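We did not get these values from a lab; they are worked out from the coordinates using the rules stated. The shown structure was predicted, so the numbers you read here are calculated from the model rather than taken from an experiment. Cβ: placed from backbone, ideal geometry, glycine included. Neighbour counts: every protein chain shown.
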Amino acid sequence: MKSTMQDNPLLVSAILRRGGTIHSQSTVTTVDSIHPTSGAPVTRTATFGDVAANAARLANALRRIGITGDQRVGTFCWNHQEHLECYLAIPSMGAVLHTLNIRLFPEQLTYVVNHADDRVIVVDGSLIPVLCKATGGANAFPNVQHFIVIGEGDRSMLTQTFPSIQVHDYATLLAAEQPVFDWPETLDEHEAAAMCYTSGTTGNPKGVAYSHRSTYLHSLASLGAPVLGLDEPDKLLVIVPMFHANAWGMPYSAFFCGADFVFPKQFLQAGPLAAIIAATRPTVTAAVPTIWNDIWNYGEQNPLDLSSVRSVTSGGAAVPRILMQRFKDKYGLQIMQGWGMTETSPLGSLAKPHKYAQPHEFMDYHDLAGRVLPGVELRIVSNEETGEVAPMDGSTIGEIEVRGPWVTGAYYLDATPEKFRDGWLRTGDMGTLDSLGYLRITDRTKDVIKSGGEWVSSIDLENAIMAHPAIAEAAVIGVPDPRWDERPMACLVLRPGSSVTPAELRQFLGERVAKWWIPERWAFIDAVPKTSVGKFDKKVLRAQHADELLSVVEG
Ligand code: ADP
């Protein structure tokens with residue numbers, strides 16, 4: 001029997017239409033600069049109504065310069081109002097938004113623009129020099145026909161580097177257009193709305209193409225109380241870059257429900273962020289753990305007013321327990337850990353304690369990678385060859401596999417059958433799943449450490465080491481060992497003015513982890529190398545160690 005339900009396609013234009021009408025008075029604040037003497041943010045504010053009108057102007061302008069059908073429009077931008085306009089206009093008109101990671105290596109940038117077949121690139125004036133570094137010179141982007149530049153910048157550099165590509169000014173282009181657009185209502189919800197490439201620590205980046213349907217469902221899910229619980233009275237500070245994993249879907253979620261936005265542009269260091277939070281008073285914000293670590297350190301030396309904030313989410317990498325504890329003790333703020341990937345839109349799980357948990361257990365739950373979200377399914381495959389699925393016992397370690405309506409089922413124009421199994425995405429993360437759906441991540445498959453045939457969790461070890469007051473950052477990598485095949489090695493960054501010896505650390509760890517986990521090899525380094533999105537880059541760390549660039553101390 002067929003249902004009697006209506007079957008209108010789930011489209012991004014519905015998010016745009018709703019936000020632009022019933023939430024037309026909600027606001028979008030962009031930080032344009034930081035005052036050189038006072039350190040205060042200099043901001044401008046528009047309404048959702050203004051943003052919706054500009055989205056229509058942008059769609060008209062893109063049509064006028066020749067964008068049709070599902071052609072790709074790239075963005076090479078920080079977080080700001082115009083980027084939000086791109087997020088809304090490009091998919092809603094039927095084209096595909098391709099958010100380009102501004103921190104890609106030059107050859108990766110050339111690769112992804114051409115692989116996605118971008119026709120237009122919308123670029124921040126301040127990022128023109130970065131875009132011009134793309135390898136290939138004048139012929140780097142054979143199919144790109146137009147650049148649209150937002151704000152001040154060296155446009156002549158663009159014309160000189162890419163003489164055959166036309167350069168337009170975003171504001172001028174929009175000023176010539178009507179603030180209305182006939183958004184197509186009959187698009188197929190399974191068509192691509194946006195795409196994003198994984199950072200590609202090995203090999204070329206791989207493209208994930210989000211559909212209208214997946215974006216719509218992901219937005220609805222993230223609004224729900226079990227996830228962000230975002231609502232109209234909220235003000236969302238979008239620290240997560242919009243060029244990476246859709247800024248965790250938050251631009252769509254907030255526009256859908258009418259929550260105000262604050263966009264910090266490139267001012268992502270702890271000092272400017274603290275000033276932005278104090279001046280704009282957001283209620284909700286999210287960022288990778290590195291940013292929260294920097295903000296916490298900043299707050300140790302400077303006044304830090306977080307009193308407006310009710311919800312802080314962190315993920316993209318393991319959130320150190322000590323960091324959560326410090327924020328809770330000092331600011332009364334519980335950092336909510338989440339897990340996800342570019343491939344999962346990205347929200348997959350969120351670490352909220354369940355309703356039967358006792359208060360003394362809460363931090364143990366926050367310390368997990370999260371509880372699987374409604375709509376997402378997870379499983380642990382404990383035997384790679386047979387595909388045997390482990391019981392949900394919270395202890396059997398295996399590769400995490402995921403499926404759901406906002407999880408990718410393939411990579412764009414990239415046959416990679418080894419990344420999928422029976423319709424499940426193989427995440428490349430190792431971990432356990434318990435009977436209540438809580439996920440614990442022990443490692444990425446490429447980072448696992450197997451010592452004497454047993455797994456050592458680098459994430460757990462890093463967590464334990466970072467609890468020491470002298471340690472600012474700890475990254476654990478596996479190094480070859482003649483007796484045990486592999487042993488963990490700890491690479492440490494000390495807090496300014498602190499010192500600690502490997503022997504002291506060994507003793508400290510003795511009370512916290514299994515004895516055989518405790519590393520023999522310790523390296524004190526100036527900084528942990530980070531990936532383009534601020535995660536520990538263990539591949540670089542391993543290479544540095546192989547080249548013996550570090551001062552290694554056997555403790
Ligand atoms: P990249 O692969 O370039 O890092 P993603 O942002 O898609 O790009 O990264 C997803 C990965 O980040 C996950 O597969 C996982 O390894 C890691 N990750 C995300 N959230 C967490 C978390 N809470 N704890 C540990 N690792 C996490």
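The table below gives the values:
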item	result
Three semi-axes of the equivalent ellipsoid, the range 123-215, Cα gyration tensor, whole Å, largest first	27, 23, 12
Shape of the range 164-225, Cα gyration tensor, a/c cut at 1.5	oblate
Inter-centroid distance (Cα atoms) of the range 320-362 relative to the range 109-178, Å	40
Karplus-derived HN-Hα couplings along the range 73-79 (A = 6.51, B = -1.76, C = 1.60, θ = phi - 60°), whole Hz, x at Gly and Pro	10, x, 10, 10, 9, 6, 8
For the chain, size of Cβ-based charge dipole, Lys and Arg +1, Asp and Glu -1, in debye	560
Mean-position separation - Cα centroids, the range 505-534 and the range 267-295, in angstrom	27
Pairwise FRET efficiency - HIS360 versus LEU436, Cβ, R0 = 22 Å, nearest 0.05	0.80
Global geometry of the range 65-129, whether rounded, prolate or oblate, following the gyration tensor of its Cα atoms and the 1.5 cut on a/c	oblate
Shape category assigned to the range 436-500 from the gyration tensor of Cα positions, a/c cut at 1.5	oblate
Where the Cα pairs of the range 303-365 fall when distances are cut into 5 Å bins, in %	4, 15, 24, 24, 18, 11, 4, 0
Inter-label distance, nm, simple model (7 Å from Cα along the C-beta direction), ARG281/GLU232	2.0
Per-peptide average of other Cβ atoms within 10 Å, ordering 464-477, 375-388 highest first	464-477, 375-388
From the C-alpha gyration tensor of the range 237-330, square roots of 5λ in Å	21, 15, 13
Share of pairwise Cα separations in the range 157-300, more than 21 Å, in percent	62
Protection proxy ranking, peptides 415-422, 62-69, average beta carbon neighbours within 10 Å, highest first	62-69, 415-422
For the range 1-40 versus the range 198-245, the gap between their alpha-carbon centres in whole angstrom	13
Calculated SAXS-style log₁₀ I(q)/I(0) at q = 0.20, 0.23 Å⁻¹ - the range 1-126, Debye, Cα scatterers	-1.15, -1.31
Computed [θ] at 222 nm, deg cm²/dmol, the chain (DSSP H ≥ 4; -39,500 (n - 2.57); rounded to nearest 500)	-8000 deg cm²/dmol
Taking all pairs of distinct alpha-carbon atoms in the chain, Kirkwood radius in angstrom	24.5
Fraction in percent of alpha-carbon pairs per bin - 10 Å, the range 331-406	17, 42, 32, 8, 1
Evaluated at q = 0.16, 0.28 Å⁻¹: base-10 log I(q)/I(0), Debye formula over Cα of the range 228-289	-0.47, -1.30
Charge dipole of the range 207-356 about the Cα centre (unit charges at C-beta), most positive-ward option of ALA287, GLY224, PRO251	GLY224
Pairs beyond 32 Å (Cα-Cα), from LYS355/LYS538; LYS206/LYS328; LYS133/LYS538	LYS355/LYS538; LYS206/LYS328
Hull volume in cubic angstrom per residue (convex hull over the Cα atoms of the range 487-536)	102
Sequence ranges 245-256, 297-308, 510-521, ranked by mean other-Cβ count within 10 angstrom, highest first	245-256, 510-521, 297-308
